1. Filter the range 79-91 for residues that are assigned to a strand (DSSP E or B) and among the acidic types (D, E) and give the result.
2. With assigned to a loop (DSSP other than H, G, I, E, B), at pLDDT below 95 and open to solvent by less than 70 Å² (accessible area, probe 1.4 Å) as the only criterion, which of D94, D76 stands out?
3. So if I check each of G8, G70, which one is open to solvent by less than 70 Å² (accessible area, probe 1.4 Å) and on the phi > 0 side of the Ramachandran plot?
4. When you go through (1) within 11 Å of the chain's Cα centre (by Cα); (2) under 20 Å from S3 (Cβ atoms) one by one for P63, which number turns out not to apply?
5. Which condition number does S27 fail, the rest of (1) farther than 20 Å from A111 by Cα; (2) in contact (Cβ under 8 Å) with a residue 24 or more places away in the chain; (3) part of a strand (DSSP E or B) being met?
6. Name the residues in the range 97-108 that are without any contact (Cβ under 8 Å) to a residue 60 or more places away in the chain, not in a strand (DSSP E or B) and not small (G, A, S), would you?
Amino acid sequence: VVSASGFGGELQIVDASNPAAPTIAASFATFGDAMDVNVVGDRAYLAEAWPLNGLEILDLTNPTAPVALGYLQAIDDALEVAVHDDHAYVAVFDGGLMVAEIADPTSPALA
């Protein structure tokens, strides 16, 4: 289970193999407040708010040691993220929708 911690700027990976006693397997300090996360395969896509707003992409191949791959700045707080194929759709506070091309996760770009 992967969770965005909200205000505080952290992604947490929770080992829920024992549902009665879940444990934090790893955490990752994000650039901004981690508002939302969408996991597709071995990638996590994070919507981040203040102090840095944008989309951060992490490699979760080793879930106990997430690795930052790429970042795309948004014009305001990124609140939610959805991923489909090679695009991430990021809801941005007071800015509408940011569509990011994520085919190369190390270099996301506006679509």
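1. Correct list: E80 only.
2. Only one candidate passes the filter, namely D76.
3. Going through G8, G70 in turn, just one is open to solvent by less than 70 Å² (accessible area, probe 1.4 Å) and on the phi > 0 side of the Ramachandran plot: G8.
4. Status for P63: all satisfied but (1).
5. (2)
6. Result: I102, D104, T106, P108.
The values are calculated or read from the model by the stated rules, or taken from the named source; none is laboratory data. These numbers come from a predicted model, not from an experiment. No Cβ is skipped: glycine too gets one built from the backbone with ideal geometry, and neighbour counts run over all protein chains shown. Accessible surface areas use protein heavy atoms only, side chains included; no ligands, DNA or RNA. Shrake-Rupley method; radii C 1.70, N 1.55, O 1.52, S 1.80 Å.
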